[in-house]
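First comes the structure, then the notes that go with it.
The values are calculated or read from the model by the stated rules, or taken from the named source; none is laboratory data. Computed from a prediction, not measured in an experiment: that's the story for all the values here. Quick reminder, even Gly has a Cβ in these numbers, built from the backbone with ideal geometry, and neighbours come from all protein chains shown. The area values use the complete protein model at the heavy-atom level, side chains included, leaving out ligands, DNA and RNA. Shrake-Rupley method; radii C 1.70, N 1.55, O 1.52, S 1.80 Å.
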Amino acid sequence: MYMLTAIGSLTAMGLALGGVLGVAARLLAVEEDPLELELQGLLPGSQCGQCGYVGCSQYAGALARGEAPVTLCTPGGKAVAEQLAKRLGVSVDLSDHVAPVPTYAFINEDLCVGCTRCIKECSVDGIIGANKQMHTVMADNCHGCGKCVEVCPTNAIKMVKIPKTLATWHWPKPQSETLH
Amino acid sequence: MKTFPVRGGIHPEYRKELTGELAIERLPLPERLYIPLQQHIGAPAEVLVQAGDLVAKGQVIARRQGNISVHHHASTSGQVVEVTEIPAPHPTGLPQATVVIAPDGQDVWGVLPAPIADPFAASPQAIAERVAESGIVGMGGATFPAAVKLNLGIQYRIETLLLNGAECEPYLTCDDRVMREYTDEVVDGARIMAHALGAARIVIAIEDNKPQALEKITAAAAAFPEITVTPVPVKYPMGSERHLTFAITGRETPARKLTADIGVVVHNVATARAVHQAVRFGRPLVSRVVTVSGQAIAQPKNIEAPIGARVSDLIEFCGGFSQPPERMVQGGPMMGSPLPGLDVPVVKGTSGILALTALEINDRPSDPCIRCGSCVAICACGLTPVEIAARIRHDDLDGAVKLGVMDCVSCGSCSWVCPSHIPLVHYFNYAKGAVNAKARVDQKTERTKTLAEAHNARLERLAAQRAASRKPKAAAAATDEAGA
């Protein structure tokens with residue numbers, strides 16, 4: 001008899017609480033915007049924060065809500081801006097969009113004290129070095145977010161323009177005065 | 001031999017009479033030689049010498065890096081003055097790592113690799129290896145490492161080696177002179193290359209405005225049944241690899257494929273001569289024949305110049321300028337590029353140096369397009385330049401790519417024919433560069449994404465490990481307390 005009471009009461013509790021959970025899941029659901037996820041996929045995902053938002057997902061959210069322009073992503077540049085505009089179906093005039101000059105971080109090794117702060121800050125593991133050892137930036141990995149510059153206690157890091165070389169140079173667009 | 005008519009093309013004034021009948025002259029050794037580390041398509045060579053080193057003629061001074069790269073050699077004996085950066089022979093004149101050599105005047109060959117006694121008994125790999133060691137690039141101007149093209153016989157079944165003696169660019173006569181003066185070397189080089197490629201047939205194609213070259217090459221090739229010498233009609237751009245292949249075989253090379261896909265490998269006649277020198281004598285490529293021409297040159301000449309001689313040395317040898325040139329061009333007038341100055345060196349791909357007058361360059365402002373369709377009619381690649389340029393003007397690069405801008409060979413015929421002087425080929429060169437630059441940016445973005453993901457995964461893993469190591473400690477602490 002006691003056994004049946006126990007089983008019965010527990011079953012009843014289970015059903016009731018389960019019901020509450022089920023209802024709560026419906027009512028209090030956090031809506032994940034599929035558009036937001038898709039936009040996030042287009043962004044570099046390096047969480048550099050240069051757009052002014054905390055990270056790529058926050059920027060993607062702002063884009064999805066139509067609160068942010070598509071041109072904010074510095075590492076992504078024109079290419080990402082174009083993709084975002086295409087996905088969002090907004091027209092954006094990128095002809096005057098002055099792409100920020102691509103830069104990379106450079107550590108003045110004479111000034112580096114080996115504090116490893118920049119290493120912790122780097123979201124792409126672009127800096128090598130260890131405690132009390134000189135650090136250096138692998139320029140190929142660096143995407144120019146500049147977060148390491150801010151944390152360096154000795155101002156040893158500066159952003160350097162990526163030089164134009166024979167391998168990357170191409171002819172500029174012809175300047176035409178008349179419309180053809 | 002039957003040839004197939006090539007679509008489109010133009011007939012510019014050739015002006016080859018300025019230098020066509022002038023025998024090749026050797027440039028006296030200049031005071032300094034400037035040998036850049038990158039004179040070819042591919043990775044730059046790695047420098048092996050430093051200031052103060054004595055070098056012998058033909059000594060390797062820069063070693064190839066990676067598969068698509070070539071060695072560079074000292075063009076004469078002397079001392080390395082410095083390894084420094086000087087303006088490259090490129091429209092921008094951007095700095096480029098260069099070995100500067102002060103010749104000692106001896107100009108004697110150092111220790112060279114032994115000649116390959118019987119090249120036709122040697123393995124194809126041995127020939128290709130020798131060509132690679134000798135720093136030979138495509139000398140028509142493309143400067144693609146020749147050894148890489150000789151190795152195509154491994155991956156593809158090559159039926160025909162097509163030797164390109166078309167020389168369709170106006171002004172240039174260096175290939176014509178090489179064919180006339182070094183006929184046997186060219187023919188022997190071609191046979192060696194055909195052996196390396198495993199090609200049964202050799203076709204030497206020469207535009208029929210070079211009757212003496214045709215006659216000489218035909219006579220020299222008569223002894224070899226595998227060689228066919230054939231005149232091709234005079235038409236620009238007949239010397240383009242794809243177009244010459246079509247003229248000879250009647251088969252079109254698929255877009256973004258190689259001519260090797262249809263069993264043909266094309267080499268320039270001067271490359272054949274360089275291969276002959278490398279295989280028969282072990283001599284690396286340290287000089288080339290350059291046409292110095294144009295109406296602003298006092299005495300136009302064909303000059304055999306050591307690699308690294310400065311353009312100003314060659315012009316001085318030609319008696320300087322008869323009038324101030326309006327534009328200096330390296331290569332031919334159709335596809336060549338403007339020179340940034342006269343201090344840049346002659347490199348392996350320098351086929352011509354032209355000092356052109358205002359009359360010759362005929363620079364005029366462009367007018368609106370009248371949609372006459374001339375550019376469509378003459379496009380040798382079957383494209384619609386007017387449509388493509390319109391898209392590029394409006395920054396619609398995707399649209400331009402869809403219309404085939406990447407298949408444009410930049411021959412410049414459309415710009416030449418345009419009655420409104422619209423710089424069509426400039427648009428295409430810009431678009432091709434911009435598309436490639438965008439691909440590089442996409443690649444970088446992709447790399448950043450991968451790196452960031454790996455970074456986050458690592459942080460998560462570390463956090464998990466820390467949490468895991470904390471638990472046993474806590475458990476251990478609890479047992480200790482209980483024990484106490």
Within the range B:379-423, residues closer than 14 Å to B:Arg7 by Cβ and of a type in the set (Ser, Thr, Tyr) come out as B:Thr384, B:Ser413
Name the residue that is most open to solvent (accessible area, probe 1.4 Å), counting only residues in the range B:12-68 that are of a type in the set (Gly, Ala, Ser) and assigned by TED's automatic domain parsing to the domain that holds B:Ala146. B:Ala23
Name the single residue, out of those in the range B:418-435 being among the aliphatic types (A, V, I, L, M) and surrounded by fewer than 20 Cβ atoms within 10 Å (Cβ to Cβ), that is farthest from the other protein chains (Cβ to nearest Cβ). B:Val435
Just for the range B:139-156: of the residues that are buried (at least 24 other Cβ atoms within 10 Å of the Cβ) and part of a loop (DSSP other than H, G, I, E, B), which one is modelled with the lowest pLDDT? B:Gly140
Does the range B:232-251 contain any residue that is closer than 13 Å to B:Met1 by Cβ and open to solvent by 40 Å² or more (accessible area, probe 1.4 Å)? yes
Note down all Cβ pairs under 8 Å where the first residue falls in the range A:149-174 and is under 28 Å from A:Glu121 (Cα atoms), the second is of a type in the set (D, E, K, R) and in a loop (DSSP other than H, G, I, E, B), and they're at least six residues apart or on different chains. A:Ala156/A:Glu109; A:Ala156/A:Asp110
Tell me which residues, restricted to the range B:229-253, are under 21 Å from the mean Cα position of the chain (by Cα) and free of Cβ contacts under 8 Å to residues at least 40 places away in the same chain. B:Thr253
Pick out the one residue from A:Val92, A:Val160, A:Val149, A:Val113 that is at pLDDT below 90 and either of a type in the set (A, V, I, L, M) or in contact with a Ser or Thr (Cβ under 6 Å, 6 or more places away or on another chain) (or both). A:Val92
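Within the range B:388-432, which residues are among the hydroxyl-bearing types (Ser, Thr, Tyr), within 18 Å of B:Met334 (Cβ to Cβ) and outside any helix (DSSP H, G or I)?
Just the residues of the range B:388-432 that are among the hydroxyl-bearing types (Ser, Thr, Tyr), to begin with: B:410, B:413, B:415, B:420, B:427, B:430.
Within this subset, residues satisfying the condition of being within 18 Å of B:Met334 (Cβ to Cβ) are B:410, B:413, B:415, B:427, B:430.
B:Ser410 - this is the single residue of the range B:388-432 that is among the hydroxyl-bearing types (Ser, Thr, Tyr), within 18 Å of B:Met334 (Cβ to Cβ) and outside any helix (DSSP H, G or I).
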When you go through (1) within 14 Å of chain A (Cβ to nearest Cβ); (2) over 21 Å from the mean Cα position of the chain (by Cα); (3) part of a loop (DSSP other than H, G, I, E, B) one by one for B:Val49, which number turns out not to apply? (1)
Count of the range B:454-464 residues which are more than 9 Å from chain A (Cβ to nearest Cβ) and of a type in the set (D, E, K, R): 2
Filter the range B:76-129 down to the residues that are open to solvent by 50 Å² or more (accessible area, probe 1.4 Å), more than 14 Å from chain A (Cβ to nearest Cβ) and in a strand (DSSP E or B) and list them by number. B:Gln79, B:Val81, B:Glu82, B:Val83, B:Trp109
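Listed here are the residues, each with its yes/no results for (1) in contact with a helix residue (DSSP H, G or I) (Cβ under 8 Å, 6 or more places away or on another chain); (2) over 24 Å from B:Ser134 (Cα atoms).
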| position | (1), (2) |
| --- | --- |
| B:Thr259 | yes, yes |
| B:Val264 | yes, no |
| B:Val269 | yes, no |
| B:Arg283 | yes, no |
| B:Val292 | yes, yes |
| B:Ser312 | no, yes |
| B:Ile315 | no, yes |
| B:Gly331 | no, no |
| B:Ser337 | no, yes |
For residues that are outside any loop (DSSP other than H, G, I, E, B), open to solvent by less than 60 Å² (accessible area, probe 1.4 Å) and either in contact with a Gly (Cβ under 9 Å, 6 or more places away or on another chain) or in contact (Cβ under 8 Å) with a residue 40 or more places away in the chain (or both), tally how many sit in the range A:36-56. 4
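Condition check ((1) basic (Lys, Arg); (2) open to solvent by 60 Å² or more (accessible area, probe 1.4 Å); (3) within 14 Å of another protein chain (Cβ to nearest Cβ); (4) more than 17 Å from B:Pro419 (Cβ to Cβ)) across all residues:
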{"residue": "B:Glu360", "(1), (2), (3), (4)": "no, no, no, yes"}
{"residue": "B:Cys372", "(1), (2), (3), (4)": "no, yes, yes, no"}
{"residue": "B:Ile378", "(1), (2), (3), (4)": "no, no, no, no"}
{"residue": "B:Ala389", "(1), (2), (3), (4)": "no, no, yes, no"}
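Taking the stated definitions as given, is B:Ile217 within 28 Å of B:Ala126 (Cβ to Cβ), touching a strand residue (DSSP E or B) at 6+ places or on another chain (Cβ under 9 Å) and open to solvent by less than 50 Å² (accessible area, probe 1.4 Å)?
yes
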Which of (1) among the charged types (D, E, K, R); (2) over 29 Å from B:Gly8 (Cβ atoms); (3) buried (at least 17 other Cβ atoms within 10 Å of the Cβ) does B:Arg327 not meet, given it meets every other one? (2)
Against the condition under 23 Å from B:Ala166 (Cα atoms), within 14 Å of another protein chain (Cβ to nearest Cβ) and surrounded by fewer than 20 Cβ atoms within 10 Å (Cβ to Cβ), how does B:Ser366 come out, does it pass? no
How about the range B:436-453: which of its residues are of a type in the set (A, V, I, L, M) and either within 7 Å of chain A (Cβ to nearest Cβ) or surrounded by 17 or more Cβ atoms within 10 Å (Cβ to Cβ) (or both)? B:Ala437, B:Val441, B:Leu451, B:Ala452
Given (1) out of contact with any Lys or Arg (no Cβ under 6 Å at 6 or more places or on another chain); (2) under 30 Å from B:Pro103 (Cβ atoms), identify the lone condition not met by B:Val292. (1)
State whether one or more residues within the range B:331-350 are open to solvent by less than 10 Å² (accessible area, probe 1.4 Å), polar (S, T, N, Q) and within 16 Å of B:Ala270 (Cβ to Cβ). yes
